[in-house]
1. Hey, can you tell me all the residues within region 67-98 that are open to solvent by 50 Å² or more (accessible area, probe 1.4 Å) and either at pLDDT 75 or above or closer than 26 Å to Val55 by Cβ (or both)?
2. Pairs please, first residue from region 123-135 and over 12 Å from Arg196 (Cα atoms), second anywhere and modelled with pLDDT of 95 or more and part of a loop (DSSP other than H, G, I, E, B), Cβ atoms under 6 Å, 6+ apart in sequence or on different chains.
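The values are calculated or read from the model by the stated rules, or taken from the named source; none is laboratory data. Predicted model only: the values in this text are computed from it and were never measured. Quick reminder, even Gly has a Cβ in these numbers, built from the backbone with ideal geometry, and neighbours come from all protein chains shown. Note: areas computed on protein heavy atoms with side chains; ligands, DNA, RNA excluded. Shrake-Rupley method; radii C 1.70, N 1.55, O 1.52, S 1.80 Å.
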Amino acid sequence: MTQGKGPHEEPPAWSRTTAARTGPGPTDGGFAFAPVDTRRSSTMVTLTTWMLITVIIVIVVRLLDAAIGVAAAIAAPAMISSGTFDDGVVLVAGGAIMNLLFQTVNGLLSGALLVLAIWTTVKAAGRGRIGAIILVVALVLSPLLYLIGSVISTLVTGDAGDPAFYGDSSLAHAIFEVLRTLLVVAALIVGAVMVRRWATAQG
């Protein structure tokens, strides 16, 4: 005759194993799955959305600034060489004022974007963290490259008395700025897209 299970008799080994693997929350086949932190995922999606919007605005401002700089660098020497020196000087001064305005807006937006990128670097993982690091590097290197280009341009044109040489130097500096801007824009796009895709996948 088969005896019944006593009150203190231990359950079979397979039962104990299944019970140990099963905990609070949804299970599948006796295995518990860690709950997803939906609040954290939602925060990261919102953060990266604003980051992407800020990147787009920064890119537009930088491209407009570069376009105005190239236009002024091309038009001013032509006006000076044609005899309208005063108009050329006015155009150069106007371009400098516009450049200062765009640089101010770009500086504020880039500063906010840098803070978001650093925060994302700490919170994200995998491709999201790599994308955030790319953003940080691009935002830090951009002003350094701008400073180097400005110093070189100032040293080259500082003692130049020939207006034609000054115009050629200004055009070369404007082309350097376009190349720098395109490089930074490409890095911003790549970094922002990587972070955005990572955050969307987490959600």
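1. Result: Ala67, Ile68, Ala71, Ile97, Met98.
2. Filtered contacts from region 123-135: no entries.
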